[in-house]
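J.: Here it is: the structure, laid out below.
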């Protein structure tokens, strides 16, 4: 006999996902506008499936990045299939939200739909790009950026829906923190180009290249060059050194600011950054054990999270936040870059990609401007919405 828990707003609900799915379609599968009252168990089940979908996409994308630094691209490679499982779940979830109106309001649903459309358009464009241009050497290509953008818009819709519909409590906070961690990972993901690339370059310099000869030859042929250091450098580290810190510290800090603001927990920034760094620490030995290239791990993000949390406890958070993030973030990065891993001998000889430290001046100015402008921008948008509403 199937065990069940009692839902305060309805009948006994099965514990397992199969039973819940059957109950949902038996009792709630009817057309409705966004914002329909949603039973508590339906809301939790739905957003639990969103977390499951993002988890599949997380694992698939992490393995995919490592895969591309070892072998030539393959449309049916295992990482792509794992990522596809997550995408299929998302398609089903967006269809359910759109048809029933449950678990979302109008704005969150539009973000989910728009993000899915962008992603589904980008996926075949990326395949075509590889068919026409061969190997795509950078995580920052237009088709790849469209994939990240589509996923980010979907995640913003899910975050907004959960923020507006979930009742206060620890469960709401836990799901919010998890969703922000997924959002941070998706945004930070392009920086993996440099994190894997620097170790790939050093491995080639040691005479133990991680990439298969066919991949190195293909990458060299694309620029009409023999397989030498210049060709390997073009394959592994094609991104300017100013990009990594501005994206990894500056943009990540803005995401952690939003997480701290929406979650409201004193150490939300550190928790979100810590969850992401912990995941990277778990994936590192797994990829190594499977014989795939590994990356440097962005431990400095912990300092960025601490800086954001401290800024909310001090006066003038925009000023103190911009300074703290820049000082602690760049300082932690510099310390990490000076260290050399020793646990696994020559498996890893760098702790961080090379960066341009002059970007700290850009980061502190941009962080202050965006952080300080967030409040007035929010007030302007709220007043604009009020004036747009018809009078009763």
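J.: Scan segment 109-131 and tell me whether some residue there is in contact with a helix residue (DSSP H, G or I) (Cβ under 9 Å, 6 or more places away or on another chain) and touching a residue at least 60 places away in the same chain (Cβ under 8 Å). So that I can check it myself, show each step before the final result.
T.: Kept after step one, since they are in contact with a helix residue (DSSP H, G or I) (Cβ under 9 Å, 6 or more places away or on another chain), are these residues of segment 109-131: 109-123, 125-130.
With touching a residue at least 60 places away in the same chain (Cβ under 8 Å) added as a condition, the list becomes 109.
Checked segment 109-131: at least one residue is in contact with a helix residue (DSSP H, G or I) (Cβ under 9 Å, 6 or more places away or on another chain) and touching a residue at least 60 places away in the same chain (Cβ under 8 Å).
J.: Now for a different question. Show the residue pairs that are 6+ apart or on different chains and have beta-carbon atoms under 9 Å apart, the first residue being within segment 157-180 and without any contact (Cβ under 8 Å) to a residue 40 or more places away in the chain, the second being assigned to a helix (DSSP H, G or I) and surrounded by 13 or more Cβ atoms within 10 Å (Cβ to Cβ).
T.: Sorted first by the residue in segment 157-180, then by its partner, the pairs are 172/162; 172/163.
J.: Pick from segment 143-176 the residues that are touching a helix residue (DSSP H, G or I) at 6+ places or on another chain (Cβ under 9 Å) and outside any helix (DSSP H, G or I): which of them is nearest to residue 252 (Cα to Cα)? Working first, answer last.
T.: Quick first cut of segment 143-176, residues touching a helix residue (DSSP H, G or I) at 6+ places or on another chain (Cβ under 9 Å) only: 143-167, 171-173, 175-176.
From what's left, outside any helix (DSSP H, G or I): 166-167.
Values: 166: 26, 167: 28 Å.
Restricting to residues being touching a helix residue (DSSP H, G or I) at 6+ places or on another chain (Cβ under 9 Å) and outside any helix (DSSP H, G or I), the top hit is 166.
J.: Working carefully through the options 293, 285, 315, find the one that is surrounded by fewer than 14 Cβ atoms within 10 Å (Cβ to Cβ) and either modelled with pLDDT of 95 or more or within 22 Å of the chain's Cα centre (by Cα) (or both). Full working, then the answer.
T.: Working: 293 fails: surrounded by fewer than 14 Cβ atoms within 10 Å (Cβ to Cβ); 315 fails: either modelled with pLDDT of 95 or more or within 22 Å of the chain's Cα centre (by Cα) (or both).
Matching residue, one of 293, 285, 315: 285.
J.: Ok, one more. Please work out if residue 192 is buried (at least 21 other Cβ atoms within 10 Å of the Cβ), in a helix (DSSP H, G or I), in the same structural domain as residue 64 (by TED's automatic domain parsing) and touching a helix residue (DSSP H, G or I) at 6+ places or on another chain (Cβ under 8 Å). Step through it out loud before you land on a result.
T.: Working: buried (at least 21 other Cβ atoms within 10 Å of the Cβ): yes; in a helix (DSSP H, G or I): yes; in the same structural domain as residue 64 (by TED's automatic domain parsing): no; touching a helix residue (DSSP H, G or I) at 6+ places or on another chain (Cβ under 8 Å): yes.
Taking the combined requirement at face value, the residue does not satisfy it.
J.: Quick test for you: out of 116, 184, 125, pick the one residue that is crowded, with 20+ Cβ neighbours inside 10 Å, in the same structural domain as residue 71 (by TED's automatic domain parsing) and in a helix (DSSP H, G or I). Can you show your working first?
T.: Numbers: 184 fails: in the same structural domain as residue 71 (by TED's automatic domain parsing); 125 fails: crowded, with 20+ Cβ neighbours inside 10 Å.
Checking each option against the conditions leaves just 116.
The values are calculated or read from the model by the stated rules, or taken from the named source; none is laboratory data. For clarity, every value in this text was computed on a predicted model and none was experimentally measured. Neighbour counts are summed over all protein chains in view; Cβ atoms, including those assigned to glycine, are modelled from backbone coordinates with ideal geometry.
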